[in-house]
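Working notes, structure below.
The values are calculated or read from the model by the stated rules, or taken from the named source; none is laboratory data. Keep in mind that this is a model prediction, so the values were computed, not measured. Neighbour counts run over all protein chains shown; Cβ positions are idealised from the backbone, glycine included. When the accessible area is computed, the model is the full protein with side chains, heavy atoms only, and any ligands, DNA or RNA have been set aside. Shrake-Rupley method; radii C 1.70, N 1.55, O 1.52, S 1.80 Å.
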Amino acid sequence: MSGTFVGMPAFPEAAHEAVRNETLRGNLRHATHTIRAKRAKAVAEVSDWAALREAGKRIKDHTLLHLDRYLVQLEEAVTAAGGTVHWAADADEANRIVAELVRQTGESEVVKVKSMATQEIGLNEALEAAGIRAYETDLAELIVQLGKDRPSHILVPAIHRNRGEIRDIFRREMGEWGRPAPEGLTDTPAELAEAARLHLREKFLRAKVGISGANFMVAETGTLVVVESEGNGRMCLTLPETLISVVGIEKTVPTWQDLEVFLQTLPRSSTAERMNPYTSTWTGTTDGDGPSTFHLVLLDNGRTDTLADEVGRQALRCIRCSACLNVCPVYERAGGHAYGSVYPGPIGAILSPQLRGTQSEIDASLPYASSLCGACYEVCPVAIDIPEVLVHLRERVVEGGEATRNGNKVLLKPAKGHAAERAAMRAARWAFSHPAALRTGQRLASRSRRLHPRTLPGPGKAWTGTRDLPAVPAAPFRDWWQRTGGGKDGAK
């Protein structure tokens, strides 16, 4: 199991394998259609949804524009409340900090509440290398961990598994991690949930160290917020003596009033609930209540580089609701593993190449993992224009150009394999800037249209492998317009 999955094949190759798995496609189709239908119903209940969406967008954009100031305010507030703040520039530094904090407690195991940031940096693997065992406590994350698998969805990491597969994983693996599955375990949801509950309860009662992420951090008070549906997160946040939270710097919001907007939009967009069953908030430490020691690790790991991109920075608005995944026709068919990142789907296709750069094969291919249908933008509760960023990143992959990496301006080379595309675009640019040549080319194409093939040779063969070339009209539009006076004579 890997936290970042770099080294996977490019998206088209990985997706090609995924779409041939009928069980996977069936699981994804059923789950995404169910979630999207429930979400649409929940959102329709809110008369001012468009205003909430715009408010969320503006709050996020304002915070990102002044992130330096709000992060300092957050650090001061957390410290004043009894917590300790650590700054991590990248995954390696964050992992070292967390491993050392756990080592200082003398413990060799930790319980974790679902955290995409710790998956992003590969924390579980880093802790294992340091002799520390991490136990996932979110039900879906538990399934993924026991199955030696990778998450495939932001909200439902085990969405690619059906109940029968989950039962088999519990029967086979639970005993290796702690309390074994009950004898005769079936695949009914109630029995599976009870097996997980019994397995996890002993871990909650024994663990001295908890590790979490956070959905939001309130700068004015230093408060962290976790929203969830099961209550396992609250057990992780309250029972251990030491709590370590690893959170991306973009999760900051200025005030409690700002938080109100997201506590309305996040549950409806993610789980189609009016409000989350469990919303846990904590501010530093309090004597006799909850952990006695609190550490906050603020994670950059490519976020300030992303912030430097005026077009791409809007990806940092993301509140991890997963609505874009559930409406995406590409994700529904390819599944989350094909994206080679803990962030799958449309948001992953724009976030991962910015956090990690576009140098690897998988990251260079992610901006193309979309039909550009725009459904993701329509459902995003913070109005991230994902198609716009996808096109922006495609240009970066093909043309190269200036970008920010590790805080420095660098000049990216064009990715390999796009020479024909670049040549075609340059030829098109020249033709469109020379009207006479364009007119001559259009007339030649019309007069020779009976000789045109229905498929392209060479690099174009893949494009026409699933579609015919559009038919060339008998006459160019310009000629038709001149001949008919703009269609006034009724000629077709």
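Report the extension gain between Ala50 and Glu100 in nm, rounded to one decimal, defined as 0.36 nm multiplied by the number of residues separating them, less their alpha carbon distance.
Difference between extended and current length: 13.5 nm.
Could you give the size of the charge dipole of the stretch 109-206 about its Cα centre, using +1 on the Cβ of each K and R and -1 on the Cβ of each D and E, expressed in debye and rounded to the nearest 20?
Value, rounded to 20: 140 debye.
Using label points projected 7 Å from each Cα along Cα→Cβ, tell me how many nm separate Ala81 and Thr255, to one decimal.
Here the answer is 1.7 nm between the modelled labels.
If you average the C-alpha positions of the stretch 408-454 and of the stretch 248-274 separately, how far apart do those two centres end up, in angstrom?
46 Å
Whenever you get a sec, compute what percent of the accessible area on the chain sits on carbon and sulfur atoms (1.4 Å probe).
Answer for the chain: carbon and sulfur cover 53 percent of the accessible area.
Name the chymotrypsin sites (Phe, Trp or Tyr not before Pro) in the stretch 47-148 that are in a loop by DSSP and that have at most 13 other C-beta atoms within 10 Å, would you?
Counting only loop positions with at most 13 other Cβ atoms within 10 Å, none of the chymotrypsin sites (Phe, Trp or Tyr not before Pro) in the stretch 47-148 qualifies.
Projecting each Cα onto the charge dipole of the chain (Lys/Arg +1, Asp/Glu -1 at the beta carbon, about the Cα centre), which of Val330, Pro291, Gly106 comes out farthest on the positive side?
The one lying farthest along the dipole's positive direction is Val330.
If you take the charge dipole of the stretch 104-194 about its Cα centre, with +1 on Lys and Arg Cβ and -1 on Asp and Glu Cβ, which of His160, Ala134, Gly178 is farthest toward its positive end?
So the residue we want is His160.
With r defined as the distance between the Cβ atoms of Leu456 and Thr484 and R0 fixed at 25 Å, what FRET efficiency is calculated, to the nearest 0.05?
0.20
For the stretch 23-69 and the stretch 100-118, what is the separation of their C-alpha centers, rounded to whole Å?
A separation of 30 Å, based on Cα centres.
Between Ala40, Ala81, His66, whose Cα lies farthest towards the positive end of the dipole of the stretch 1-111 when Lys and Arg beta carbons carry +1 and Asp and Glu beta carbons carry -1, centred on the Cα centre?
Most positive-ward Cα: Ala40.
Set the Förster radius R0 to 35 Å, insert the Cβ-Cβ distance between Lys41 and Glu194 as r into 1/(1 + (r/R0)^6), and round the FRET efficiency to 0.05.
The value I calculate is 0.75.
Go ahead and run the numbers for FRET between Tyr278 and Thr466, Cβ-Cβ distance against an R0 of 51 Å, rounding to 0.05.
0.65
Just how large is the dipole of the stretch 360-410 about the Cα centre, in debye to the nearest 20, putting +1 at every Lys and Arg Cβ and -1 at every Asp and Glu Cβ?
160 debye
I need to check one value: relative contact order of the stretch 125-224, counting alpha carbon pairs closer than 8 Å and at least 6 residues apart, in percent.
Here the relative contact order equals 17 percent.
Once P(r) over Cα pairs in 10 Å bins from 0, in percent is worked out from the coordinates, which option in [x] 4, 17, 27, 24, 14, 7, 4, 2, 0; [y] 4, 18, 27, 27, 18, 6, 0; [z] 4, 19, 30, 27, 14, 5, 2, 0, 0 does it equal?
Calculated P(r) over Cα pairs in 10 Å bins from 0, in percent: the matching label is [x].
How much accessible surface does Ile211 have with a 1.4 Å probe, in Å² rounded to 10?
So the heavy atoms of Ile211 present about 0 Å² to solvent.
In the stretch 410-444, whose amide N lies under 18 Å from the spot 7 Å out along Cα-to-Cβ of Glu310? List them in ranges.
Inside the label zone: 410.
Given Cβ point charges of +1 (Lys, Arg) and -1 (Asp, Glu) and nothing else, what value in debye, to the nearest 20, does the dipole of the chain about its Cα centre take?
Here the size comes out at about 2940 debye.
Using the per-residue mean of other Cβ atoms lying within 10 Å as a proxy for protection, in what order, highest first, do the peptides 299-307, 186-194 fall?
The peptides rank, most packed first, as 299-307, 186-194.
Given a 1.4 Å probe, how much area per residue of the chain is accessible, in Å²?
Ligands and nucleic acids excluded, the figure is 48 Å² per residue.
Under a 1.4 angstrom probe, counting protein chains only, how are Lys148, Lys114, Lys251, Lys60 ranked by accessible area, largest first?
Putting Lys148, Lys114, Lys251, Lys60 in descending order of accessible area: Lys148, Lys114, Lys251, Lys60.
With the contact rule set at Cα under 8 Å and sequence spacing of 6 or more, what percent relative contact order holds for the chain?
That works out to 20 percent.
Trypsin sites (Lys or Arg not before Pro), restricted to the stretch 421-465: which are DSSP loop and have at most 10 other Cβ atoms within 10 Å?
Arg454
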